[in-house]
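J.: Got a structure for you, questions after.
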Amino acid sequence: MEKNMRRRIQKIKGGSYIITLPPEWVRRNSLDAKSEVFVIEKDGELVIKPIRDYITKKTLDLDLIDLETSKYLITVYYMQGISEIEITSKSVISASIKDELKNLQLYLPGLTIESESFNYITFKVQDSYNTNLVERMKTFSSKLLRLLEDLEKIIENPNKEMAVDLKNRAEELNKLYTSIIREIAIVSQKEEEFEIKNLPTRDLILYAIAMRDMGRMLSHIKTASLAVTECINTSNKELKFIIKTIVNMFKRSQEVFFDKDIDHIRDIRESMKEINKIVYGNEIECKELARELARIASYCVALMDDGVHKSVKI
């Protein structure tokens, strides 16, 4: 293909404007003079995209792939936008294996059983994207903040029942995480089906990275909620200081990412150094919990980094 893709706009009768398409691109995509393409407006740019069929179905053979790997792949297919997943076997699939597969419906929003028989089960995903992607991410981050604030309360006054409740709510929030990742994957591949004029592809990539970082933070919050129960008779001022600092770090990281407020960069980075110094530089009680908190703090820094990168454009 030509290295220089610059084209001159030409005006035709009726007031319309045209440009020529590179012939190599047309041939490579099996197009001709009568073919139709999508012309998509995104953030002041036009994207020309061939009309094509998407891969919407995946099949897993339980005779070749073990159950745990199958469950993992179903989750991956779900998050990457596949709408139909079939699990098959030459022999009868046992009731216990089917139950484990069906339990995925509890964790993957919109996943439903389309059909099943003795040796197969087919899932379909019902999507309903009626809200703004950025607003859904803000909702996720606000719920994540609430979990951090509640983790602070538990560390202040250790309580096993509260810790279990926090773990359960963290697991529930993971459902929103997987559905947002799925939406980002679908929107980034099917631009023609969504109104994303003010959300360029570059930003979609950074939103996906930010969701990954917040998702990992969520996993460590869940682990930390369990670790708290091992410290129920411990009163540690350092742990209380760390979690309080983390809550403030996350609030500032949210502002950096969503509001492009880069004034918080130095404070966030300095807070991370201080936490690491306490956790890894001294003997500290409840070492497992302390290290989980340090990992949570590191993802506050990661979210800040995502926001700084998003704010810089050429």
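J.: In this structure, is Tyr54 loosely packed, with under 14 Cβ neighbours inside 10 Å, touching a Lys or Arg at 6+ places or on another chain (Cβ under 8 Å) and under 17 Å from Gln189 (Cα atoms)? Reasoning before the result, please.
T.: Values: loosely packed, with under 14 Cβ neighbours inside 10 Å: yes; touching a Lys or Arg at 6+ places or on another chain (Cβ under 8 Å): yes; under 17 Å from Gln189 (Cα atoms): yes.
For Tyr54, the condition - loosely packed, with under 14 Cβ neighbours inside 10 Å, touching a Lys or Arg at 6+ places or on another chain (Cβ under 8 Å) and under 17 Å from Gln189 (Cα atoms) - is met.
J.: Give the residue, chosen from Leu46, Leu31, that is open to solvent by 70 Å² or more (accessible area, probe 1.4 Å) and not assigned by the TED database to the domain that holds Asn119.
T.: Every option except Leu46 fails the conditions.
J.: Moving on. Among the strands (runs of 3 or more DSSP E) confined wholly to region 18-104, which include 2 or more residues that are modelled with pLDDT of 90 or more? Talk me through it step by step, then tell me what you get.
T.: On the way: elements: 37-42, 45-50, 57-61, 84-88.
Correct list: 57-61, 84-88.
J.: Restricting attention to region 253-263, and to residues there that are open to solvent by 10 Å² or more (accessible area, probe 1.4 Å) and farther than 15 Å from Met217 by Cα, which single residue is farthest from the chain's Cα centre (by Cα)? I'd like the intermediate steps shown before the answer.
T.: Of the residues in region 253-263, the ones open to solvent by 10 Å² or more (accessible area, probe 1.4 Å) are 254-255, 258-263.
Now narrow it down to the ones that are farther than 15 Å from Met217 by Cα: 255, 258-263.
Values: Glu255: 19, Phe258: 15, Asp259: 19, Lys260: 20, Asp261: 22, Ile262: 23, Asp263: 26 Å.
Selected residue: Asp263.
J.: Let me ask something else about it. Among the residues of region 149-172, which ones are of a type in the set (A, V, I, L, M, F, W, C) and either surrounded by fewer than 20 Cβ atoms within 10 Å (Cβ to Cβ) or not assigned by the TED database to the domain that holds Lys240 (or both)?
T.: Matches in region 149-172: Met162, Val164.
J.: Say whether the condition of being open to solvent by 40 Å² or more (accessible area, probe 1.4 Å), polar (S, T, N, Q) and closer than 26 Å to Glu183 by Cβ is met by at least one residue in region 9-25.
T.: No, every residue in region 9-25 fails to be open to solvent by 40 Å² or more (accessible area, probe 1.4 Å), polar (S, T, N, Q) and closer than 26 Å to Glu183 by Cβ.
J.: May I ask you to list pairs of residues, at least six apart or on different chains, whose Cβ atoms are under 7 Å apart, with the first in region 65-94 being of a type in the set (Phe, Trp, Tyr) and the second being open to solvent by less than 40 Å² (accessible area, probe 1.4 Å)?
T.: Hits for this filter: Tyr77/Ile85; Tyr78/Leu108; Tyr78/Leu111; Tyr78/Val125; Tyr78/Thr178; Tyr78/Arg182.
J.: For residues in region 119-137 being open to solvent by 40 Å² or more (accessible area, probe 1.4 Å) and under 15 Å from Leu60 (Cα atoms), which is nearest to the chain's Cα centre (by Cα)? Please lay out each step first, then the result.
T.: First, the residues of region 119-137 that are open to solvent by 40 Å² or more (accessible area, probe 1.4 Å): 119-120, 124, 126-132, 135-136.
Now restrict to residues that are under 15 Å from Leu60 (Cα atoms): 119-120, 124.
On the way: Asn119: 33, Tyr120: 30, Lys124: 20 Å.
Going through the qualifying residues, I end up with Lys124.
J.: What residue, of Thr20, Thr59, is β-branched (Val, Ile, Thr) and under 30 Å from Ser83 (Cβ atoms)?
T.: Of the residues listed, the single one that is β-branched (Val, Ile, Thr) and under 30 Å from Ser83 (Cβ atoms) is Thr59.
J.: State all residues of region 274-302 that are within 27 Å of the chain's Cα centre (by Cα) and either free of Cβ contacts under 8 Å to residues at least 24 places away in the same chain or more than 19 Å from Met249 (Cα to Cα) (or both); if no residue qualifies, say none. Give the steps one after another, and end with the answer.
T.: Initially, region 274-302 is screened for residues within 27 Å of the chain's Cα centre (by Cα), giving 275-276, 288-302.
Across region 274-302, the qualifying residues are Asn276, Glu288, Arg291.
J.: Here is a check on your reading of the model: is Val308 open to solvent by less than 20 Å² (accessible area, probe 1.4 Å) and in the same structural domain as Arg202 (by the TED database)?
T.: On the way: open to solvent by less than 20 Å² (accessible area, probe 1.4 Å): no; in the same structural domain as Arg202 (by the TED database): yes.
Answer is no for this residue.
J.: Does at least one position in region 83-93 carry a residue that is within 24 Å of Glu191 (Cβ to Cβ) and open to solvent by 70 Å² or more (accessible area, probe 1.4 Å)?
T.: no
The values are calculated or read from the model by the stated rules, or taken from the named source; none is laboratory data. Nothing here was measured: the structure is a model prediction, and the numbers come from that model. Glycine gets a Cβ as well: all are built from the backbone with ideal geometry, and neighbour counts include every protein chain shown. The area values use the complete protein model at the heavy-atom level, side chains included, leaving out ligands, DNA and RNA. Shrake-Rupley method; radii C 1.70, N 1.55, O 1.52, S 1.80 Å.
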